[in-house]
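Only one structure is covered here, and it is reproduced in the block below.
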Amino acid sequence: MSHVRDAAFLPGVSEQGHSVFALFVAGIVTQPLPSAGVAFCALAVGLMTKTLTFAEGVAAFTDEVLWLVLLSFFFTKGFAKTGLGDRIALSIVRLMGRTTLGLAYGLNLAEGVLAAGMPASAARAAGVFYPLADSVAKACGSDPAKNQAKATGGFLVQSAFQATGNSSSLWLYGAAQNLLTLRLAAQLGYVVESPFTSWLKASCVPALTAMALTPLVAFWALPPEVKETPDAPKEAERKLKQMGPFSMKEAILAGVVMGMIVLWAGSSAFGIPAVHTAVLGLAVLLVSGVLTWDDCAGEKAAWTTVTWFAILVSMSAMLNKLGIVRWLAASIAAKISAVGLSGCPAFLVLLVVYVLSHYFFPSQVAHLSALYLPFIAMMVDTGTPPMVAVFSLAFASNIFASLTPYASAQAPVFFGGNYVTLKDWYRLGLIFILFNMIVWVGVGSVWWKAGHLHSAEASLFFDAVCWRDSACCCRSLAYIERALQQKRSHFLQKCLFESPTEVCLAVEKLF
């Protein structure tokens, strides 16, 4: 670790800051062990070298977001145990699966519906939709083992695979890492009020647009040999008959999930925090027998994820507290500004760099953990409204999950079906990442402007004042007032990095 620390000399950062940064890079980014093992090793080294106290290293275990992540895995288990997820997907295939393109739309629609209540994106994609796409492809005569109509299966598999990133972006609870993004953003002072509705408001139009166009892009990029699939609805019908009638446990789970969505959407009006709703939902499932505690205790992935999420979030908070994020953001933002980039051009450059850097990461969460906070800070420093930076990078962290065969937990499962060659996989990954960025940036920018996503700039500015403490300022009270009146976020953010002399007095006078 000392070699990493020596190599990463950061001017103006304390020795403790250097040590935490070295732990983060040597463990979280390089990932020499599975994530949970890395987290505990990093914690052990931090404790033994007195870089961290035990309280600092495990502080996030009481965080509500971590418990939401844990509970989301239990709800996913409910979908798998009761068969409700399969029933929804098969029912849509039965209705829409008479053509290959219709079948792809049916799979995408089912993905979007299930993402609202099945938060583990890898389990949803690899556990429900890959087996379904594989089964339907074989029913249509596409079999990679026999080299028969591989493009038909490849089209269906790729269409289903690409839908996961957009469905995960559509819903706050569509992927576990979505909750992590909001938790990390809050460390910078950018707290998203009414997170469920704010997320959906920001994502709905670009996500639904991308999902509507994805099958068409896949149809163009990997044309299937088989265009008509009359056997697909029959196969879906056969499997539904095997499942039997709609069970009481499926009905209870469906009712609980719909109830939770209502409470999440109206959390501000009802005064019920999201984690309270999730705990209530799990309690109903346990009391009704839909789930047992053995089901929950046996969810190895859930407990593993929460363990390393907690340590990761704790270490990330320390990076922020010790000034690493601020130093990195200020340094790179200064270089970007020095070449004359600010506002929209700087935003686009940083977004492209953030997305394409995923070629070097074998995990979405590893990428997000290492780069999400610094890139938010860099975007804000160069003139991007904070909420635009927070949501753009959060959505991008879902979209790049299909970039490579190792880009996400579900990618190796889809690639392992051998419907798509390695060369085509990289080609399709590049095509779809360009397509998604065009849709999300193009449609998203118009939608967010119409939806006034930056309307919370004033409160975010003062949150940032508290976070930055004496490092932020404005030249005068009039400067603050003018910036607030005109909602000019780049002026507000400029205040954060000028001379540290007047902002506190200015804020006191305003309030």
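Read-outs throughout are calculated quantities, based only on the coordinates presented, and are distinct from any laboratory measurement. Computed from a predicted model, the values in this text were never measured in an experiment. Positions of Cβ are backbone-derived with ideal geometry, glycine not excepted, and every protein chain shown enters the neighbour counts.
Multiplying the residue separation of Cys204 and Lys146 by 0.36 nm and subtracting their alpha-carbon distance yields 16.8 nm. Calculated FRET efficiency, Ser247 to Ser194, Cβ-Cβ distance, R0 = 45 Å: about 0.85 to the nearest 0.05. Compared with the direct C-alpha span, the chain from Arg238 to Val279 gains 11.1 nm at full extension, assuming 0.36 nm per residue. Sorted ascending by nearby beta carbons within 10 Å, beginning with the fewest, His358, His276 become His276, His358. Peptides 74-85, 238-249, 183-194 ranked from most to least packed, by the mean per-residue count of other Cβ atoms within 10 Å: 74-85, 183-194, 238-249. Distant-in-sequence amide contacts of Leu52, defined by a placed amide H-H separation under 5 Å and a gap of 5 or more residues or a different chain, comprise Leu47. State which entries of Lys81/Lys239; Lys77/Lys241; Lys138/Lys249; Lys138/Lys241 exceed 24 angstrom in Cα-Cα distance in the structure shown. Checking Cα-Cα distances, Lys138/Lys249 exceed 24 Å. Take the Cα radius of gyration of segment 145-240 and divide it by 2.2 N^0.38 Å, N being the number of residues; the result is 1.47.
Here the residues Asp63, Asp381, ranked from fewest to most Cβ neighbours within 10 Å of their Cβ, fall in the order Asp63, Asp381.
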